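Written below as C-alpha cells is the structure these notes are about.
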Amino acid sequence: MGILNVTPDSFSDGGRHLATDAAVAHLRAMARAGAAIVDVGAESTRPGAARVSGPEQRRRLEPVFAALRGDPPVAISIDTTRAEVAEAALVAGASIINDVSAGREEPEILDLAAERGAGVVLMHMRGEPGTMQEDPRYDDVVGEVAAFLAARAAHARDCGIAPSAIMLDPGIGFGKTLAHNLALLRGLSRIVELGHPVLVGISRKSMLGALTDRPSVQDRLAGSLSGALAAVAAGASVVRVHDVRDTVDALAVWGAIHGEETA
Ligand code: PT1
C-alpha cells in the first residue's frame, strides 16, 4: 500500500492544478512501481496533527478524484474517519475505507462499507492524534490492542462487512511508546490469529528515527524496509509505505527466500 497525502493547495488556481497533477502523477508512479493499493488521505494523523473537517477533506480531494475520472489505475483506499469523505471516494472509484478510528468516530462509515461492498481497515489508536503521545500506558499492550481489534472486527461483521474485507492494524505510533510499538510487532501473531488480514504502517515513523538516531524522515528508508520485512515475516498481509519501489524489491527478495514458489 503506497501513501498519497493530498495536502492543502495554494491559493492560486495555477498552484491548485500543479498540486493535483503532482498528486495524480505520484499515484500513477506508485501503481507502476508495484503498489497493490494506494492510500489517499487529506487529513494527517501523525502525532500532534490538527483535525481537518470532512468538508475540507473533500475540498482537497475533489480535484484528484476528478482527474481519476472514476477509473483509478490501482485499488484506492481512502484514509479518513469521516463517512462523507469515504462516500465521495467510493463514488470516485475507491474500494477500501482506511479508518484510523476503526468506525468509532462516525459509526455509519461501517454501514456505508457494508452497503457498497467496500473493504475496511480497522486500526487501534489510543486517544486522538493531537494528544495521543502524551504518556500512553497499557498493562498489556498486545492483549489490549488484540482485544480492541477483535471487538471492532466483530462489530464490522455485524454491520454486514465480509470477514475477508476487514483488515486489522495495530496502529504503530498511535498512542504508543517505542516499547509498546516493539511489543506489538513482536506479538503481531496475536493479531494475525484473529483471522483477518493484518496491515502495518511503520514507514518513516518516529520509532525508526529513535532506533536509528535519524531525526529526519528522509533518512529512514533502511529502517522502513527493515520494519516492513519484520511485519511481513510476522504475518502482515499489507504494509503501508512511502517508498513503494524499494519495498517491492525488499519483499521480492524476502518472498523468494521464504516459501513463495517461483520455480
Ligand atoms: C497506519 C497509518 C494510517 N499511519 C493506517 N493508516 C498514518 N491504517 C496514517 C510517527 O510516530 O499506521 N495505519 N494512516 C500516519 N500516522 C503516523 C503516526 C505518522 C505516527 C507518523 C508517526 O512518526
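Bear in mind that the values in this text are calculations on the coordinates, not laboratory data. This one's a predicted model, so the numbers in the text were calculated from it and none came from an experiment. Note that we place each Cβ from the backbone using ideal geometry, even for glycine, and neighbour counts take in every protein chain shown.
Normalised by the number of residues in the chain, the mean separation of alpha-carbon contacts (under 8 Å, six or more apart) gives a relative contact order of 16 percent.
Averaging the sequence gap over all C-alpha pairs within less than 8 Å and six or more residues apart, then dividing by the number of residues, gives region 168-243 a relative contact order of 36 percent. Which of rounded, prolate, oblate describes the chain, given a ≥ b ≥ c as roots of the alpha-carbon gyration tensor eigenvalues and a/c under 1.5 marking rounded, otherwise prolate only if a/b is larger than b/c? Taking the square roots of the gyration eigenvalues as a ≥ b ≥ c, the chain is rounded. Each label point was placed 7 Å from the Cα along the Cα-to-Cβ direction; for Arg104 and Ala36 their separation is 2.8 nm.
In a solvent-free Debye calculation with one equal scatterer on each Cα, what is log10 I(q)/I(0) for region 121-263 at q = 0.17 Å⁻¹, listed in the order of the q values? Results for region 121-263 at q = 0.17 Å⁻¹ read -0.98. Residue by residue, region 83-94 carries 3J(HN,Hα) couplings of 4, 5, 6, 4, 4, 4, 5, 5, 4, 7, x, 5 Hz when phi is fed to the Karplus relation 6.51 cos²θ - 1.76 cosθ + 1.60 (θ = phi - 60°); x denotes Gly or Pro.
Rounded if a/c is under 1.5, else prolate if a/b is larger than b/c, else oblate: which is region 1-120, with a ≥ b ≥ c the root eigenvalues of its Cα gyration tensor? In terms of gyration-tensor shape, oblate. Once both labels are positioned 7 Å from their Cα atoms along Cα-to-Cβ, the gap between Glu128 and Arg28 label points is 4.0 nm. With unit charges on the beta carbons (Lys and Arg positive, Asp and Glu negative) and the dipole taken about the Cα centre of the chain, which residue among Leu168, Val6, Gln218 sits farthest to the positive side? Farthest towards the positive pole: Gln218. Separation of region 72-117 and region 187-255, taken as the distance between their Cα centroids, equals 23 angstrom. Taking 0.36 nm per residue of sequence separation and removing the Cα-Cα distance, the Arg116/Arg69 pair yields an extension gain of 15.0 nm. Working ranking of peptides 171-177, 48-54, 147-153 by packing, defined as the average number of other Cβ atoms within 10 Å per residue, highest first, is 171-177, 147-153, 48-54. Placing unit charges on the Cβ atoms only, positive for Lys and Arg and negative for Asp and Glu, gives the chain a dipole magnitude near 380 debye about its Cα centre.
Taking amide H as placed 1.01 Å from N in the peptide plane, Ala36 has its amide H under 5 Å from the amide H of Gly2, each at least 5 places away in sequence or on another chain.
Based on Cα contacts under 8 Å between residues 6+ apart, region 53-149 shows a relative contact order of 21 percent.
Among Thr20, Thr80, Thr247, whose mean-square fluctuation peaks in a Gaussian network model of the chain (Cα, cutoff 10 Å)? Looking only at Thr20, Thr80, Thr247, the largest GNM fluctuation is found for Thr20. Label sites at Ala233 and Arg186, each approximated as a point 7 angstrom past Cα along Cα to Cβ, lie 1.5 nm apart.
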